[in-house]
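Peer 1: Handing you a structure now.
The values are calculated or read from the model by the stated rules, or taken from the named source; none is laboratory data. Note that the coordinates shown come from a computational prediction; the quantities given were computed from them, not determined experimentally. Glycine gets a Cβ as well: all are built from the backbone with ideal geometry, and neighbour counts include every protein chain shown.
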Amino acid sequence: MKDPMSRHNWDELTHVMRNMLQCSKEFLRDFTKRCQEIDNLLIDISTEKEMLNWLPPVREPVIRVDALGDGHFGAPRGYRLHRGTDYIVTPGDPVFMTLKGAKVKRVTRPYADYDELTGVVVVNEHCLNVLYYVTPIEDLIGKGVPQGEVIGYAQDVRVKYGPKMLPHIHSEKYIK
Ligand SMILES: [Zn+2]
């Protein structure tokens with residue numbers, strides 16, 4: 001009968017443990033790198049938020065993720081990246097002024113060949129925020145609106161994309 005702690009077994013065990021140690025070290029290196037990346041992103045986000053004094057356009061901001069796509073900024077869209085952030089809504093929900101000291105500049109259209117969905121552009125001294133799938137309140141166009149006030153109402157993107165897409169509004173932020 002083989003001795004369970006024969007020299008052969010000890011060598012094998014040492015070999016396995018060395019491999020495990022190596023894997024753990026690599027994992028830790030990757031993990032630390034990833035933590036650093038997340039840390040940097042958080043710094044970017046907080047700086048941007050600070051700079052814009054930006055408030056979300058919906059009451060409870062939840063980012064859309066559904067069968068047709070991921071609504072996070074930078075998420076893949078075929079050969080391009082998603083340039084904005086998608087917030088889930090119930091069609092008809094109020095949409096709020098995101099910028100401080102801003103006005104409702106104009107109505108915009110996300111699709112040149114499709115009139116049913118519209119958007120609104122809001123601007124202040126330093127930045128610009130485009131909100132798609134929003135019916136703006138007509139009377140406010142060209143006027144200053146305090147941050148957090150209602151500027152329009154959420155539309156239903158399902159009229160174009162079908163029932164697999166969660167209704168949402170799309171927000172793109174730019175520094176002037
Ligand atoms: Zn979007």
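Peer 1: Of the conditions (1) within 30 Å of Tyr153 (Cβ to Cβ); (2) modelled with pLDDT of 90 or more, Lys25 fails just one. Which one is it?
Peer 2: (1)
Peer 1: Criterion first (part of a helix (DSSP H, G or I), closer than 19 Å to Ile175 by Cβ and within 16 Å of the chain's Cα centre (by Cα)) does Leu55 satisfy it?
Peer 2: For Leu55, the condition - part of a helix (DSSP H, G or I), closer than 19 Å to Ile175 by Cβ and within 16 Å of the chain's Cα centre (by Cα) - is not met.
Peer 1: Would you be able to tell me the number of residues in segment 70-111 that are over 15 Å from Ser171 (Cβ atoms) and assigned to a loop (DSSP other than H, G, I, E, B)?
Peer 2: Selection size over segment 70-111: 9.
Peer 1: Also, quick follow-up: Across segment 112-123, what is the number of residues that are of a type outside the set (Val, Ile, Thr), more than 17 Å from Ala154 (Cβ to Cβ) and part of a strand (DSSP E or B)?
Peer 2: 0
Peer 1: Restricting to segment 135-162, what's the tally of residues that are more than 15 Å from Thr118 (Cβ to Cβ) and either touching a residue at least 24 places away in the same chain (Cβ under 8 Å) or within 21 Å of the chain's Cα centre (by Cα) (or both)?
Peer 2: The first filter runs over segment 135-162 and keeps only residues more than 15 Å from Thr118 (Cβ to Cβ), leaving 139, 142-150, 158, 161-162.
Among the residues that remain, those that are also either touching a residue at least 24 places away in the same chain (Cβ under 8 Å) or within 21 Å of the chain's Cα centre (by Cα) (or both) are: 142-150, 158, 161.
Within segment 135-162, residues that are more than 15 Å from Thr118 (Cβ to Cβ) and either touching a residue at least 24 places away in the same chain (Cβ under 8 Å) or within 21 Å of the chain's Cα centre (by Cα) (or both) number 11.
Peer 1: Within segment 41-56, identify whether any single residue is away from the ligand (no atom under 16 Å from the Cβ) and within 17 Å of Ile151 (Cα to Cα), and answer yes or no. Even if it seems obvious, please write down each step before you answer.
Peer 2: Narrowing segment 41-56 to residues away from the ligand (no atom under 16 Å from the Cβ): 41-55.
Remaining after also requiring within 17 Å of Ile151 (Cα to Cα): 54-55.
There is at least one residue in segment 41-56 that is away from the ligand (no atom under 16 Å from the Cβ) and within 17 Å of Ile151 (Cα to Cα).
Peer 1: Now for a different question. In segment 57-101, what residues are within 15 Å of Glu149 (Cβ to Cβ) and either within 16 Å of the ligand (Cβ to nearest atom) or out of contact with any Leu (no Cβ under 9 Å at 6 or more places or on another chain) (or both)?
Peer 2: Initial filter on segment 57-101 (within 15 Å of Glu149 (Cβ to Cβ)): 57-59, 93-101.
Within segment 57-101, Pro57, Val58, Arg59, Asp93, Pro94, Val95, Thr98, Gly101 qualify.
Peer 1: Being hydroxyl-bearing (Ser, Thr, Tyr), over 17 Å from Tyr174 (Cα atoms) and touching a helix residue (DSSP H, G or I) at 6+ places or on another chain (Cβ under 7 Å) is the requirement here; does Tyr114 meet it? Spell out how you get there, then give the answer.
Peer 2: On the way: hydroxyl-bearing (Ser, Thr, Tyr): yes; over 17 Å from Tyr174 (Cα atoms): yes; touching a helix residue (DSSP H, G or I) at 6+ places or on another chain (Cβ under 7 Å): yes.
Yes; evaluated as a whole, the condition is true for this residue.
Peer 1: Shifting gears a bit: Given the conditions (1) in a strand (DSSP E or B); (2) among the hydrophobic types (A, V, I, L, M, F, W, C); (3) away from the ligand (no atom under 16 Å from the Cβ), and given that Val130 satisfies all but one, which numbered condition is not satisfied?
Peer 2: Answer for Val130: the failing condition is (3).
Peer 1: Just one of Ala154, Ala102, Ala112 is crowded, with 20+ Cβ neighbours inside 10 Å and farther than 15 Å from Val89 by Cα; which is it? I'd like the intermediate steps shown before the answer.
Peer 2: On the way: Ala154 fails: farther than 15 Å from Val89 by Cα; Ala112 fails: crowded, with 20+ Cβ neighbours inside 10 Å.
Going through Ala154, Ala102, Ala112 in turn, just one is crowded, with 20+ Cβ neighbours inside 10 Å and farther than 15 Å from Val89 by Cα: Ala102.
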